[in-house]
Amino acid sequence: MAPRVAFIGLGRMGLSCIGPSADQVRFQGITENLLRYGDIAKPLVLYNRTTEKAHEQSLRLGDCDLAESIPAAVAAADIIWLCLQDQAAVTETFDLIFPLDIRGKLFVDSSTVTPAKTNAIAQRVCEAGAEFVAAPVMGGPPMAVTRSLICIASGTAEAVDRIRPYLHGVICRKVVDLSGEQPGRALLLKLMGNFLIMATIETVAEAHVFAEQSGIGTGNMNKLMSAMFPEPPHALYNGQMLSGEYCSGRPMVEVSKAITLVDEVLDLAHACGAAVPIYETARQHLQDAKDHAGPDTDITGIYGAVRLASGLPFSNQPEEDI
């Protein structure tokens with residue numbers, strides 16, 4: 001029998017959108033992918049603190065029930081999937097869950113919290129007779145729409161096996177399997193993934209500024225980079241920078257939020273004695289982008305910061321045939 005699933009938290013991953021213009025937006029994300037591609041019992045239960053957002057998504061998708069509260073969502077489901085904004089929201093949500101009878105249920109958390117917090121929550125969930133899987137994802141909202149996220153899954157082997165049918169081909173294209181390890185290990189590895197992302201953004205930004213200043217031009221650098229690295233993340237950040245979206249489009253990730261996560265990674269690196277100079281440079285460029293363009297500018301505003309450091313204006317003039 002297919003399990004009943006409740007999804008708590010309709011932020012950018014649970015509720016994504018993509019489209020060429022404001023009146024041609026396609027809403028999707030993890031919730032629609034679970035409903036359309038996962039073998040789950042209908043209806044999918046939705047809960048969001050902003051009730052209107054859950055109601056709108058329910059109307060778009062169909063086959064959804066709205067839960068009036070977190071306890072109601074938990075009571076209605078076998079699998080409770082959370083994707084919340086921050087650690088405070090996760091803590092607040094589980095404070096409402098722990099007094100409930102949750103025996104036999106599976107909690108899947110795709111929120112970004114600290115490894116220690118994840119382990120603490122997982123321990124309490126398991127002590128209450130339920131199961132817990134940490135399943136943070138790598139990739140932005142557009143990748144949630146196309147089911148091309150990377151999911152890092154950690155918890156007991158039995159718990160990960162319960163959620164496995166709803167990962168590859170349903171919400172993500174790849175699963176980094178840490179089954180049998182503590183749930184917090186998935187969050188620790190996600191921090192390492194953030195290191196790779198920031199290093200990539202910094203590298204792509206510096207390469208394009210170098211090309212522009214040398215006279216070879218960003219168009220030619222784009223040809224080379226597209227040939228060498230045709231897939232994301234290079235291709236994604238490459239296009240975001242050269243199109244000018246890094247300073248004019250809707251942000252994939254606001255620089256203010258990126259700085260918070262980057263600082264967590266730096267704290268970890270410093271604590272374990274790891275030298276991460278490229279990451280520290282990227283952190284400074286995030287701050288420069290925030291100072292110049294505001295806290296809501298995109299994470300790829302690093303490109304603008306590198307341009308400023310090289311004597312160029314923050315905003316570029318996109319070349320033709322990019």
Note on region 226-282: residues charged (D, E, K, R) and touching a Pro at 6+ places or on another chain (Cβ under 7 Å) are Glu254
Would it be correct to say that Thr260 is in a helix (DSSP H, G or I) and modelled with pLDDT under 95?
-> yes
Filtering region 54-94 down to residues that are over 23 Å from Tyr166 (Cα atoms) and touching a residue at least 60 places away in the same chain (Cβ under 8 Å) yields Ala89
Boolean, Glu254 is within 17 Å of Ala207 (Cβ to Cβ) and charged (D, E, K, R) | no
Got at least one residue in region 161-170 being within 30 Å of Gln240 (Cβ to Cβ) and touching a strand residue (DSSP E or B) at 6+ places or on another chain (Cβ under 7 Å)?
-> yes
Out of curiosity, is Glu231 in a loop (DSSP other than H, G, I, E, B) and of a type in the set (Asp, Glu)?
-> yes
Residue that is surrounded by the most Cβ atoms within 10 Å (Cβ to Cβ), among those in region 95-118 that are without any contact (Cβ under 8 Å) to a residue 60 or more places away in the chain and more than 20 Å from Val160 (Cβ to Cβ) = Ile97
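The values are calculated or read from the model by the stated rules, or taken from the named source; none is laboratory data. Remember, it's a predicted structure, so these values are computed and weren't measured experimentally. Neighbour counts are summed over all protein chains in view; Cβ atoms, including those assigned to glycine, are modelled from backbone coordinates with ideal geometry.
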